[in-house]
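Just below is one structure, and these are the notes that go with it.
The values are calculated or read from the model by the stated rules, or taken from the named source; none is laboratory data. Everything numeric in this text was worked out from a predicted model, so none of it was measured. All accessible areas refer to the heavy atoms of the entire protein, side chains included, with ligands and DNA or RNA removed. Shrake-Rupley method; radii C 1.70, N 1.55, O 1.52, S 1.80 Å.
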Amino acid sequence: MTSKLTDKQKNTLWQQRRLASYQASCRLAGYTLSDIPLDDADARLASLRRQYGG
C-alpha cells in the first residue's frame, strides 16, 4: 500500500519536474544552462525580494 504525498513532497516533486522540463526545452532550443542547486536559487530569490521589497 502506498501512502499519499505531503504538500511539501508534492511541491518538491513539482519543482523538480518543472526544472527538468525547462532544461529540456532550453536544450531543444539550443541554449546551454549551468545547473544551479534549488536551495541556492531560493536563497538568491529571498535576498532579491528583501533588497527590492517584493
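Some notes on this structure:
- Selection count where residues are open to solvent by 100 Å² or more (accessible area, probe 1.4 Å) and β-branched (Val, Ile, Thr), scope the stretch 1-17: 1
- Selected residue (criterion: farthest from the chain's Cα centre (by Cα)) from residues of the chain that are assigned to a helix (DSSP H, G or I) and hydroxyl-bearing (Ser, Thr, Tyr): Tyr52
- None of Gln23, Gln51 is open to solvent by less than 90 Å² (accessible area, probe 1.4 Å) and at pLDDT 85 or above except Gln23.
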